[in-house]
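Worksheet: the structure to be examined is printed underneath.
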Amino acid sequence: MGLLAYLKTQFVVHLLIGFVFVVSGLVINFIQLCTLALWPISKQLYRRVNCRLAYSLWSQLVMLLEWWSCTECTLFTDQATVDHFGKEHVVIILNHNFEIDFLCGWTMCERFGVLGSSKVLAKRELLCVPLIGWTWYFLEIVFCKRKWEEDRDTVVEGLKRLADYPEYMWFLLYCEGTRFTETKHRVSMGVAASKGLPPLKYHLLPRTKGFTTAVQCLRGTVAAIYDVTLNFRGNKNPSLLGILYGKKYEADMCVRRFPLEDIPADESGAAQWLHKLYQEKDALQEMYNQKGVFPGEQIKPARRPWTLLNFLCWATILLSPLFSFVLGVFASGSPLLILTFLGFVGAASFGVRRLIGVTEIEKGSSYGNQEFQKKE
């Protein structure tokens with residue numbers, strides 16, 4: 001085992017990476033709080049500043065995927081589609097099967113220059129999560145309770161606010177509403193049968209109201225829908241902890257572009273279009289399982305150095321005083337001071353582990369187990 005490979009498995013290294021991410025995130029959140037003063041002066045300046053602040057935080061996670069674990073991401077699409085990337089507002093539809101599916105999406109956002117301005121329709125509980133939820137708040141992310149009667153006005157208002165967003169944005173929708181599990185799939189397919197819809201083998205029944213509302217509210221702003229179907233070679237099921245340990249994965253992403261004018265404008269027609277899309281996604285998944293590849297040309301966008309340089313910059317700023325402080329603590333010889341420091345390290349380790357736990361499937365919400373049984 002080489003030195004770098006050995007370091008990737010060491011807890012103390014993981015703790016230092018977590019320290020840099022958490023402390024830099026708190027600094028960024030404080031700066032974002034200060035930028036609220038810009039809103040009444042120039043809303044667009046506020047947005048541009050916060051896009052760059054968010055990039056400085058999110059790119060640290062992308063760095064782990066691209067440079068630490070050296071995970072490779074391959075697009076299966078055509079060059080004409082790639083030529084549009086980063087040059088238009090779009091809605092992204094991504095299957096929700098893996099713990100790091102969002103991270104693979106962020107990698108593509110970074111490589112095409114839209115990471116800081118990427119958006120998502122997120123569950124409201126995440127608003128209370130430090131760093132992640134707080135940063136999203138300043139980015140005008142649309143949060144919802146996943147109860148449509150209560151969410152309708154909030155979602156519509158939030159989407160309409162984005163109509164004049166100054167940076168090209170990729171707005172992510174997990175139309176299945178929750179991560180795929182066998183239990184949720186059984187319940188979901190029971191609902192599909194009751195509605196006379198074709199069964200899906202690899203996806204949950206898409207929830208159409210969020211999609212149709214997004215299409216209606218963003219029509220005139222968004223140029224296209226990007227349908228993305230993600231898989232990992234070798235039937236791997238990667239995790240953020242695996243990335244932190246330096247495990248390398250190979251992600252394949254089938255991307256199809258649909259101009260928004262091709263999507264029916266009425267709610268019923270858009271819902272039918274979405275159901276048909278998921279039947280096609282299921283067929284793509286079946287093809288991948290049988291052949292190990294998606295259809296289309298294989299394109300590997302080059303990774304950029306900015307994520308690595310950003311992390312190294314934060315590490316230099318934050319770790320130098322940390323090392324000086326630690327040396328001072330142990331040089332003091334004070335048992336109380338040393339024990340206090342070790343207690344702080346333990347608490348920090350627990351906090352970082354809880355942040356990672358947000359991505360874990362087995363610790364995900366039970367949403368979908370009963371919600372699919374309710375009338376959409």
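In this view, the solvent-accessible surface of Asp153, computed with a 1.4 Å probe and all protein chains in place, comes to about 120 Å². Springs join every pair of Cα atoms under 10 Å in this Gaussian network model of the chain, and among Gly113, Gly25, Gly333 the largest mean-square fluctuation is at Gly333. Selection among Leu53, Phe19, Leu244 by position relative to the dipole of the chain gives Phe19 as farthest towards the positive end (Cβ unit charges, Cα centre). The label-point distance for Thr9 and Ala163, in a model that sets each label 7 Å from Cα toward Cβ, rounds to 5.7 nm.
Solvent-accessible area of segment 60-180 (1.4 angstrom probe, protein heavy atoms only): carbon and sulfur portion equals 56 percent. Cα gyration tensor of segment 26-68, axes a ≥ b ≥ c as square roots of the eigenvalues: rounded (a/c below 1.5), prolate (a/b > b/c) or oblate? It is oblate, given that a/c is not under 1.5 and a/b is not larger than b/c. Taking the Cα atoms only, what angle lies between the long axis of helix 101-111 and the longest principal axis of the chain, rounded to 10 degrees? The angle comes out near 80 degrees.
Helix 267-291 sits at what angle to the longest principal axis of the chain, using alpha carbons and giving 0 to 90 degrees rounded to 10? It is inclined by approximately 70 degrees. You can think of it this way: the chain between Glu280 and Lys209 has 23.6 nm of extra reach, that is 0.36 nm per residue less the Cα-Cα gap.
With the cut-off at 1.5 for a/c, could you classify segment 179-259 from its C-alpha gyration tensor as rounded, prolate or oblate?
On the way: a/c = 2.36, a/b = 1.24, b/c = 1.90.
Oblate, because a/c is 1.5 or more while a/b does not exceed b/c.
Counting only residues at least eight positions apart within a chain, or on another chain, the aspartates and glutamates with an alpha carbon under 16 Å from that of Lys291 are Glu250, Asp252, Asp282.
Rounded to the nearest 10 square angstrom, Tyr226 shows an accessible area of 0 square angstrom against a 1.4 Å probe. Cross-link pairs exceeding 18 Å between alpha carbons, from the set Lys123/Lys248; Lys87/Lys119; Lys123/Lys201; Lys87/Lys209; Lys87/Lys281; Lys119/Lys276: Lys123/Lys248; Lys123/Lys201; Lys87/Lys209; Lys87/Lys281; Lys119/Lys276.
Note that the chain shows a convex hull volume over its alpha carbon atoms of 156 Å³ per residue.
Charge dipole of the chain (Cα centre as origin; +1 on each Lys and Arg Cβ, -1 on each Asp and Glu Cβ, all else neutral): 540 debye, rounded to the nearest 20. Of interest is the spacing of the C-alpha centroids, which for segment 309-324 and segment 138-203 amounts to 38 Å.
Which value, in Å², gives the accessible area per residue of the chain when a 1.4 Å probe is used on the protein heavy atoms?
Details: 17410 Å² over 376 residues.
With all protein chains present, the chain gives 46 Å² per residue.
Taking 0.36 nm per residue of sequence separation and removing the Cα-Cα distance, the Glu297/His84 pair yields an extension gain of 75.1 nm. Roughly how tilted is helix 148-161, in degrees to the nearest 10 and between 0 and 90, from the longest Cα axis of the chain? Once rounded, one gets 80 degrees.
The values are calculated or read from the model by the stated rules, or taken from the named source; none is laboratory data. Computed from a predicted model, the values in this text were never measured in an experiment. Because the Cβ atoms are built from the backbone with ideal geometry, glycine has one as well, and the counts that use them run over all protein chains shown. Ligands, DNA and RNA are stripped out before the accessible areas are found, and what is left, the full protein with its side chains, is counted by its heavy atoms. Shrake-Rupley method; radii C 1.70, N 1.55, O 1.52, S 1.80 Å.
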